[in-house]
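The values are calculated or read from the model by the stated rules, or taken from the named source; none is laboratory data. A quick note: this is a predicted structure, and the numbers were derived from the prediction, not measured. Glycine also receives a Cβ, built like all others from the backbone with ideal geometry; neighbour counts cover every protein chain displayed.
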Amino acid sequence: MSGTIKVLPPDVVELIAAGEVVERPASCIKELVENSLDAGATAVTVAIEGGGLDLIRVTDNGAGISPEDMRLVFLPHATSKLNRAEELHSVTTLGFRGEAIPSIARVSKMTLTSRQKGSAAGVKAVNEGGQMVSITEAAAAEGTQVSVRDLFYNAPVRRDFMKKPQREAALCADLLQQLILSSPHVAFRLTAQGKQLYSSPGDGKLESAMLSIYGVEALKALIPVDGAGAGMLVRGLVGIGEQARGNRNHQHFFLNGRAVRSTLLSRAVEEGCRHRVMVGRFPLCALSITLPYEAVDVNVHPNKWEVRFQREQQVQDAVADIIRQAVSEAPLQSPPPLFDQPILREEARVARVQPEDTPKTPSVAPAAPEPAVVPAGDGPAPRAFIARDAAQERLPRCAEPAPPPVVIKEEAEQIHNPQVRQAQTQLKVLGVAFHTYIIAQQGERLLLIDQHALHERLLFDSLMASAHTRQPAQTLLLPQVLELDYPDYQAFLAYRKDLEEAGFEVEDFGHRAVRLMSVPVELGEPLAMRSFLDALDELRDSGRLDGKSKRERIIMAACKHAVKGGERLPEHALQALADMMMDGQTIPSCPHGRPIVLELTRRELERRFKRIQD
Ligand code: ADP
Ligand code: MG
C-alpha cells in the first residue's frame, strides 16, 4: 500500500490561509473598513449585494494609496503599518499583518481604486483570484474604494459554508453596528441592494451612534456611564429593567476603539446591574474602555475579537463598580405604560375566589366585584387584575362546568406530594411576616408560605394551561409600533412564518419599523414588546423558537406579574392565595424551583418547647 500523506500544492495552502482571514462577507468588510480607519477616513460607506457574496464595496475618504504602492498592497505581508510601531503589542492601528488585501483578493474578484490626497491622478488595480489583471491610471475621488465581487467563487467548499444571503447580510449589519459604535467620530453608511440600512452622523458622540442603531425610544431609556478605575476610563450607555434583553447580543464593548468580545466584561456589567435586571435577562450596553496598551493583549487571534486582560480581577471589579455607580444614580424605572392600565380582558369572570358566592348566571359579573388579590395602598393596583386571571383559570366558570385540572407532564409526580394535598382541612391564615411569608394554620400544622413564590406558581399554571388550550394569539388592545435594529428587522423578515405560528402577529412598517398586533396568549399584553424582542433574539441565535424557551418566557411572565415579597397584601387576599394553593393543583415549588411552603407540625413545636419528649 502506498503512503497517503501528500504535501499540499502552494495554491491550496494559500487558499486555506485566505480562508482563515476571510471567513465570510462580514469578516471581509471588517478588514476593509479597518484599513479605511487606519488611513484616517472620517466617512466610510459599505454597500453589499447578495449578503456580500455577490458584492462588497467599501468607499472611504482616507489617505489613499500611491500608484507605486498599489502593486505591493497585494503581496502577502506587505504593510505600511508595522514599521511605524516599536513593538507588536503596542500597535495602535487596527491591521498590521499585511494579510487582508492579498487574502481577500485570492478568493474573489477585486478592484481597488485610490487617489492620494493632493495627488492629481488616481490608480486602479484589477485582481482576479490573486492574479493581477491590470494596474492603470484612473480617475478617482480622493480616498480609496475596494470592490469585492463573487467572494469565494474559486473556493467552493468555503462558499458552501455560507448561510443564506439574508443571514450573511444580517451578520454584516451586526458588524456595522459595532463599527458605528466603536468609532462615533466616523460617519458610516450601510446599504444592501441599494437600500440604506444604517447611517451614522460621525459627530463623535456615542449617543448619536446608538441613536442610529436603536432608535430614539430606546436611547431615552439608557443610562449614561462615565467613570474611572484600575487605570481605565469607562464611558458609554447601559440599559436595565425594560431595556434588558434576552441574550448578550446587545452588549457592545470597545477596547481602545476596537470592538471586542469579552466574557469578563459581560460578567462585570451583569454584576454591576444586579438587582436591576431580572434573572435570565441581560443588560444592553455600549461601553468604550480606554486603558494602556500594555495592560491588554488583543493579539490572541487573527480576527482580533477576543481580548485578554493582564489583571483580570481588577478590571472586572472596577468595571462592575463603575456600572453599579451609574445604575444606582438612575431613577427606578417606572413600569411600562400598560401596567398603569388594568388589563381588562375577560373581566366578566372575576369574582370566583369564593365559588359559592358566584352568581348562577354570567350576567351579573361585570359589575367589578371584589378582585381576588388586591395589593393594599392607593393608586391603581395593576396586579389585581392579573391575579384575577389566575383566579379565573383556576375556579369554575359561571354556569360552566369546571375545566379539568391541567397537569404539566414533566412535573406531574410532584403534584401528588401528600404534604400539600393531604388535608382538605380548612387552612386558616393567621397573618403575614415581613409582608412576605403568609402564616397559616391547617389542622395540626403551621405553614409558612412565600407569597411571591406561590402567586408565581399559580400564574405559571394558569398561563401554561391557557397556552395549551386556547387560541395561540391574543390581539393587543393597542397595536404597538417599534423600531428594530437592522439584524432584528432582518430576523423578523426572515422568520415571519415562525413568528406567526408562535402567535406573534406583526406587520412590516418599512424602514426597520414593525407593528405588533398580537402576541402568544401566554405572554399577555404588558410583555408584548419585550417578548417579541426576545423571540427575535432567539431566532437570530438559533434560527427557531422552541418549546423550552416558551416555557421560560412563561416563567418570566409569571415572575414578573406575581405579587412581590415585601408587598403589603390585605388579609382576604392572603387567604385567597392560600385557598388557591389548597385547591389541590398547585405544585409545591415555584417555577424557578424554590420552595413555596415550609411547614412545622404541632408535634415538632411541642417537642421544641419541651412539652413532650422524643
Ligand atoms: P495591513 O492592514 O495589515 O497593513 P492589508 O492587507 O489590510 O494589511 O493592507 C495592506 C496595505 O494596503 C496597508 O498597510 C495600507 O498601506 C494599504 N491600504 C489598504 N487599504 C487601504 C485604504 N483603504 N486606504 C489607504 N491604504 C490602504
Ligand atoms: Mg488591514
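Yes/no per residue for (1) in a helix (DSSP H, G or I); (2) more than 16 Å from ligand 2 (Cβ to nearest atom):
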site	(1), (2)
104	yes, no
111	no, yes
114	no, no
118	no, yes
123	no, yes
134	no, yes
148	no, no
152	no, yes
158	yes, yes
Self-check item: Residue satisfying all of: in the stretch 30-44; within 12 Å of ligand 1 (Cβ to nearest atom) and not aliphatic (A, V, I, L, M); surrounded by the fewest Cβ atoms within 10 Å (Cβ to Cβ) among these
Solution: 40
Practice problem: Return the total of residues in the stretch 45-74 being of a type in the set (A, V, I, L, M, F, W, C), away from ligand 1 (no atom under 11 Å from the Cβ) and out of contact with any Lys or Arg (no Cβ under 6 Å at 6 or more places or on another chain). | Solution: 4
Quiz item: Does the stretch 62-83 contain any residue that is within 30 Å of residue 290 (Cα to Cα), surrounded by fewer than 20 Cβ atoms within 10 Å (Cβ to Cβ) and modelled with pLDDT of 95 or more?
Solution: yes
Practice problem: Select from the stretch 262-294 the residues that are part of a helix (DSSP H, G or I) and surrounded by fewer than 23 Cβ atoms within 10 Å (Cβ to Cβ) and list them in ascending order. | Solution: 263, 264, 266, 267, 270, 271, 293, 294
Quiz item: How many residues does the stretch 554-580 contain that are surrounded by 18 or more Cβ atoms within 10 Å (Cβ to Cβ) and in contact with a helix residue (DSSP H, G or I) (Cβ under 6 Å, 6 or more places away or on another chain)?
Solution: 9
Practice problem: Could you please let me know if residue 134 is at pLDDT 95 or above, more than 16 Å from ligand 1 (Cβ to nearest atom) and outside the structural domain of residue 285 (by TED's automatic domain parsing)? | Solution: yes
